[in-house]
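J.: Just dropping this structure here.
The values are calculated or read from the model by the stated rules, or taken from the named source; none is laboratory data. The model shown is predicted, which means the values in this text are computed figures rather than measured ones. With ideal geometry, Cβ positions are generated from the backbone for all residues, glycine too; neighbour counts draw on all protein chains shown. Ligands, DNA and RNA are stripped out before the accessible areas are found, and what is left, the full protein with its side chains, is counted by its heavy atoms. Shrake-Rupley method; radii C 1.70, N 1.55, O 1.52, S 1.80 Å.
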Amino acid sequence: MSAFTPSSVAQTLLFHLARTPGAVHRDRLAELAGTTKDYAGRVLSRMVKRGRVERVGRGTYDLVSRV
């Protein structure tokens with residue numbers, strides 16, 4: 001079985017949100033995903049609109065449901 005390798009910034013952000021317990025700040029997620037804070041914020045905003053992620057504070061995000 002091979003290790004998970006995300007193919008997009010959105011997948012990388014979701015991967016790190018799933019691995020990290022609790023809410024995570026956008027700047028930290030951007031650092032983990034290797035992208036800019038601005039771009040991470042735009043991607044997270046789209047994910048909030050789609051219902052995959054929820055904003056729980058100023059720049060802080062969490063998964064809508066944890067399995």
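J.: So what's the back-of-envelope 222 nm ellipticity for the chain, counting only DSSP H runs of four-plus at -39500 (n - 2.57) apiece and dividing by all residues, rounded to 500?
T.: Calculated mean residue ellipticity at 222 nm is -15000 deg cm²/dmol.
J.: Need the full-extension length gain, TYR39 to THR20, defined as separation in residues times 0.36 nm minus the C-alpha distance. One decimal, nm.
T.: My answer for the length gained is 4.8 nm.
J.: I'd like to check one number: the per residue accessible area of the chain, probe 1.4 Å, reported in Å² as a whole number.
T.: In whole numbers, the chain has 69 Å² accessible per residue.
J.: Turning to a different aspect of this structure: Taking the Cα-to-Cβ direction at ARG46 and at LEU63 and moving 7 Å from each Cα, how far apart do the two end points lie in nm?
T.: If labels sit at ARG46 and LEU63, their model points lie 2.1 nm apart.
J.: First check a/c for the stretch 9-67, with a ≥ b ≥ c the square roots of the eigenvalues of its C-alpha gyration tensor; if it is under 1.5, answer rounded, and if not, answer prolate when a/b is larger than b/c or oblate otherwise.
T.: It comes out rounded by the Cα gyration axes.
J.: Moving on. Give me the number: length gained by fully extending ARG55 to SER8, i.e. 0.36 nm times residue separation minus the C-alpha to C-alpha distance, one decimal in nm.
T.: 14.9 nm
J.: A further question on this structure: Of the accessible area of the chain, with the probe set at 1.4 angstrom, what percent is carbon plus sulfur?
T.: 50 percent
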